[in-house]
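Below you'll find the structure, written out as structure tokens, and then a few comments.
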Amino acid sequence: MERVSSLRLPIMALVLLALILAIWAGLIRMGWVVPIIRPTLPAIHGPLMIGGFLGTLIALERAVALQRSWTYAVPLVGGLGAVALILGLSVGPWLITLCSLGLVAIFGVILRRHFAFYTVTMATGAVVWLIGNGLWLAGRALPMAVPWWVAFLILTIAGERLELSRIIRLTSYSYALFTVVLLLILGGLLISLVDYVAGVRLVNLGFFALALWLAWYDVARRTVRRPGLTRFIAVNLLLGYFWLGVGGLLGVRFAGLMAGPAYDAWLHALLLGFVFSMIFAHAPIILPAVAQITIPFHSVLYGPVIMMQLGLLIRVVGDLALWWPVRMWGGLLNGLAILWFFLTIAGLAIRERRRYKGQLAQRA
């Protein structure tokens, strides 16, 4: 098992490569004049970010939590799929899809161990990702798969928050409301296969309802008053719920679009505003377990959070007002905020490691 778990760092390297090149591809798509590493890179921005980075990272997190040797093959396949996408190899989508199939298998084991509302929610998200990848492989237009991919991430995060909300002992009424929201999202996804506009509108209505549910029932409303890391996590959670609501409303309004600035505003309100706010919130807790490092909290982490929020606000305003330079600068700030955040995390981890080694040297 120890030999297998040593795969975490190579997998993390592949995940970070996917993240960096996905950001690079996004800047090219927005109009920034940066070197085009490969001609196909701008076209794979979405699959690389969602599947190569986020999907693979989620699979790695589950593999570490489950502690079974075979589970590490799942994120490894996802990481290799990201490399294949970058290189323009046709096997890339197949490997990403195989990763999603492996994630479904992982959740099959998790459900046998612990069948609960939150594990069912996360497992449903994995199935949704697999179906979205199936649409991708079948040659459907990429925007047909995008709602499925986005729902995968949102349901996974919602399941994780549902798990943590157990400490406040949710009522049966709150669980009933969550079930309605879940059925709204899943029903919209199914309808989108035959009526894209109606289905996507319903999905986004579900996203908006989920934002209200999370804002009301999540512990963040209470923990935001506490100092240190607890407040940092809560602030990011509440910001994420705000953007989930904004994205849901934009999706209801612009459900028929498959490209263009309004589509960009909708998609990135959800992916940057919600998903990356969740990543910022949970990274100081999850990364130590996944990468086996210690990350002490420091208020410097608020820097990239502020840049991300400001950049996203500028980007959405630029999208909706058709102000192209404003939109471009917002996108650049978003990319820099993500890189700044992970560089800060790495810096804090390195500093803590040096401090620990210094303490050991003094004791010796």
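The values are calculated or read from the model by the stated rules, or taken from the named source; none is laboratory data. All figures in this text were calculated on a predicted structure; none of them were measured in a lab. Here the Cβ positions follow ideal geometry from the backbone for every residue, glycine too, while neighbour counts run over all protein chains shown.
From Leu101, Leu170, which residue is in contact (Cβ under 8 Å) with a residue 24 or more places away in the chain and outside any helix (DSSP H, G or I)? Before you say what the answer is, go through the steps one by one.
Details: Leu101 fails: outside any helix (DSSP H, G or I).
Going through Leu101, Leu170 in turn, just one is in contact (Cβ under 8 Å) with a residue 24 or more places away in the chain and outside any helix (DSSP H, G or I): Leu170.
Yes/no matrix, rows are residues, columns are (1) more than 17 Å from Gly132 (Cα to Cα); (2) among the small types (Gly, Ala, Ser); (3) modelled with pLDDT of 95 or more:
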site: Tyr173; (1), (2), (3): yes, no, no
site: Phe178; (1), (2), (3): yes, no, no
site: Leu210; (1), (2), (3): yes, no, yes
site: Ala215; (1), (2), (3): yes, yes, no
site: Val219; (1), (2), (3): yes, no, no
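Restricting attention to segment 212-223, does a residue exist that is over 21 Å from the mean Cα position of the chain (by Cα), basic (Lys, Arg) and surrounded by 15 or more Cβ atoms within 10 Å (Cβ to Cβ)? Yes; the residues of segment 212-223 include at least one that is over 21 Å from the mean Cα position of the chain (by Cα), basic (Lys, Arg) and surrounded by 15 or more Cβ atoms within 10 Å (Cβ to Cβ). Of everything in segment 84-102 that is small (Gly, Ala, Ser) and under 19 Å from the mean Cα position of the chain (by Cα), the residue that is nearest to Ala145 (Cα to Cα) is Ser100. All of (1) surrounded by 21 or more Cβ atoms within 10 Å (Cβ to Cβ); (2) more than 17 Å from the chain's Cα centre (by Cα); (3) of a type outside the set (Val, Ile, Thr); (4) more than 19 Å from Val128 (Cβ to Cβ) hold for Arg68 with one exception: (1). In this structure, Gly125 does not satisfy being assigned by TED's automatic domain parsing to the domain that holds Ile50, in contact with a helix residue (DSSP H, G or I) (Cβ under 9 Å, 6 or more places away or on another chain) and either in contact (Cβ under 8 Å) with a residue 12 or more places away in the chain or not hydrophobic (A, V, I, L, M, F, W, C) (or both). All conditions but one from (1) closer than 28 Å to Phe254 by Cα; (2) part of a helix (DSSP H, G or I); (3) out of contact with any helix residue (DSSP H, G or I) (no Cβ under 6 Å at 6 or more places or on another chain); (4) not hydroxyl-bearing (Ser, Thr, Tyr) apply to Ala151; the one that does not is (3).
Residues in segment 249-258 include none that are crowded, with 17+ Cβ neighbours inside 10 Å and within 24 Å of Met12 (Cα to Cα). Checked against the criterion of being out of contact with any Asp or Glu (no Cβ under 9 Å at 6 or more places or on another chain), in the same structural domain as Thr56 (by TED's automatic domain parsing) and either surrounded by fewer than 21 Cβ atoms within 10 Å (Cβ to Cβ) or over 24 Å from Ala265 (Cα atoms) (or both), the candidates Leu142, Leu111 yield just one match: Leu111. Does any residue of segment 296-306 turn out to be part of a loop (DSSP other than H, G, I, E, B), closer than 29 Å to Thr71 by Cα and modelled with pLDDT under 95? Among the residues of segment 296-306, at least one is part of a loop (DSSP other than H, G, I, E, B), closer than 29 Å to Thr71 by Cα and modelled with pLDDT under 95, which makes the answer yes. Quick check: anything in segment 187-194 surrounded by fewer than 17 Cβ atoms within 10 Å (Cβ to Cβ), in a helix (DSSP H, G or I) and among the hydrophobic types (A, V, I, L, M, F, W, C)? Yes, segment 187-194 has at least one match.
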